[in-house]
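Trainee: Let me give you the structure first, and then I'll get to my questions.
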Amino acid sequence: MTPPSSGRHRDQVPSPAGAEPDHGSASGGLRPPRRGPSVVALAVPALVVLAAEPLYLLVDTAVVGNLGTVALGGLAVGGGLLAWAAALLNFLAYGTTARAARRAGAGDRAGAVDEGVQATWLALALGAAVLLLFQLLAGPLTRALAGSAGPVAAAGEQWLRVASLGAPLLLVALAGNGWLRGVQELRRPMRYVLAGSLVSLVLCPLLVHPVGLGLVGSAIANVAGQAVSAALFVRALLREGAPWRPRPAALRSQLVIGRDLLLRAVVLQLSFLVATGVVARAGTASLGAHQIAVQLFFFLALVLDAYAIAAQTLVGQALGAGRPDRARATARQVTYWGLGTGVLVGAALLVLRPVVLPLFTDDPAVLGQAALAWWFLAAMQPLAGVVFALDGVLMGAGDVGWLRTVTIGSALVGFLPLSLLAAPLGWGLAGVWSGLTLFIVLRLVGVLTRVAGDRWLTAPATVTA
């Protein structure tokens, strides 16, 4: 496949503020795409993809929780470190979606697929670096995070050394999700991710309990599922027939758009790591409760992020086709959907608390601490629904610099100070979750302010190499 003869450099994404395409060119000028699927039509398969991994982690938490408080704490520490690395590098999905959507909106499918090829090369390189890091430093990192909880640190190290073998596979799947979202093909990622998650869901309880591998069985199941998903995403690229050579110019361009997303993710993940460290020093029961609540938070965040994925795809393609009016209409739609869904999720959390919490542990101390965090978790859902949806709008527009600034500022002003003060002031888990709630509120103010104006409509999707 070859890109259309548009006269642009291959690494240059069409400007969102550019002139309308020539509709009558005899040489095959670019045409704006016909009206594609709705927000909901894109959000439903995105929801399945986004929910699959954290749903597995919730099942994993429930399975490991029955091994005891130490194993649950070890999963919290080891799993938190691996999740930190994956979230830090999620620009492989979000940055790739923004670039691929612009190309697809301008009629350049071959260019969109090539974004997936280059992102996959980046995923393999970065995944190998993450694997090496955790193999060398798993012990010091888990001990630093768990503090004086020696058995918890040892359990976390054991889990992390095995689970980190899947880091390159996990990142390849992120890259594959990115380019397929950009070309509005969300059903294939749904099937690929579900296949991998099903493998993990079947293997996890079997390996942990009947086979008797304990916490290591959880890690092995994790890697097996990631291998299946990664293989399917690579096969999808191979079927496109795109050249597989890495192109340094394209890789640099992807890293440029990933830079702000990376900085944003660094501060965000460091904030969660600091919060976990503070809770770990408050006691094993608090750490176990925090693990349950924070996994639910991540699960629900990704569920609500389904609207962000839909928005990212639709906004990127609209701006690639020179249709800012369509981009703004998408922003309004996802705001309403995010708010409404957040209200429903928050209400469901309050109603189902007596049923859901005992699924994770029967330890009375852990249950008591988790009930405290539950109120914060439920109350922030309507606000989070709007925040995550508008994050997707701004990412699709390439306005990642603003997102970086808002996220870092909200973490430094809200999340980190309250988390760090929780220990000396004796606030415990309530202090940490107050910080997380303030973090969401401050981000809400920032994204609403930006989308109310016009500057996000003219943000560049990338920088030409």
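Just so it is clear, none of the values below were taken in a lab; they were calculated from the coordinates. In this text, all values refer to a predicted model and were calculated from it rather than measured experimentally. Every residue, glycine as well, gets a Cβ built from its backbone with ideal geometry; the counts of neighbours run over all protein chains shown.
Trainee: What is the Cα centroid distance between segment 53-83 and segment 260-320, reported in whole angstrom?
Mentor: 16 Å
Trainee: Which option, (1) 38, 24, 19; (2) 107, 29, 17; (3) 28, 25, 24, is the value of semi-axes √(5λ) of the Cα gyration tensor in Å that was calculated from these coordinates?
Mentor: Only one listed value fits the structure, namely (1).
Trainee: Still on this structure, I have one more. Note down the nm distance, to one decimal, between modelled labels 7 Å out along Cα→Cβ at ARG455 and at ALA144.
Mentor: The two pseudo-label positions are separated by 3.5 nm.
Trainee: Let me ask you something else. Tell me, what ³J(HN,Hα) does each residue in segment 123-136 have, in order and in whole Hz, if you take phi through Karplus 6.51 cos²θ - 1.76 cosθ + 1.60 with θ = phi - 60° and put x for Gly and Pro?
Mentor: 4, 5, 5, 5, x, 5, 5, 5, 4, 4, 4, 6, 5, 7
Trainee: Would you list PHE360, PHE297, PHE376 from fewest to most Cβ contacts within 10 Å?
Mentor: Details: PHE360 25, PHE297 22, PHE376 19.
Ascending number of Cβ neighbours within 10 Å: PHE376, PHE297, PHE360.
Trainee: DSSP loop (so not H, G, I, E, B), at most 16 other Cβ within 10 Å: list which trypsin sites (Lys or Arg not before Pro) in segment 257-301 pass both filters. Let's see the in-between values first.
Mentor: Working: sites: ARG259, ARG264, ARG281; in loops: ARG281.
Of the trypsin sites (Lys or Arg not before Pro), the ones in loops of segment 257-301 whose Cβ has at most 16 other Cβ atoms within 10 Å are ARG281.
Trainee: Once you put a point 7 Å from the Cα of ALA347 and another 7 Å from the Cα of LEU133, both along the Cβ direction, what distance in nm separates them?
Mentor: It works out to 4.2 nm between the two label points.
Trainee: Here's a follow-up. Per DSSP H run of n ≥ 4, the term is -39500 (n - 2.57); total these for the chain, divide by its residue number, and report the mean residue ellipticity at 222 nm rounded to 500 deg cm²/dmol.
Mentor: Values: 16 runs with 356 residues, N = 465.
Taken over the chain, the calculation gives -26500 deg cm²/dmol.
Trainee: Related question: Which order do VAL216, VAL355 fall in if you start with the one that has the fewest other Cβ atoms within 10 Å? Display every interim value, and only then the final one.
Mentor: Numbers: VAL216 18, VAL355 8.
Listed from fewest to most nearby Cβ atoms, that is VAL355, VAL216.
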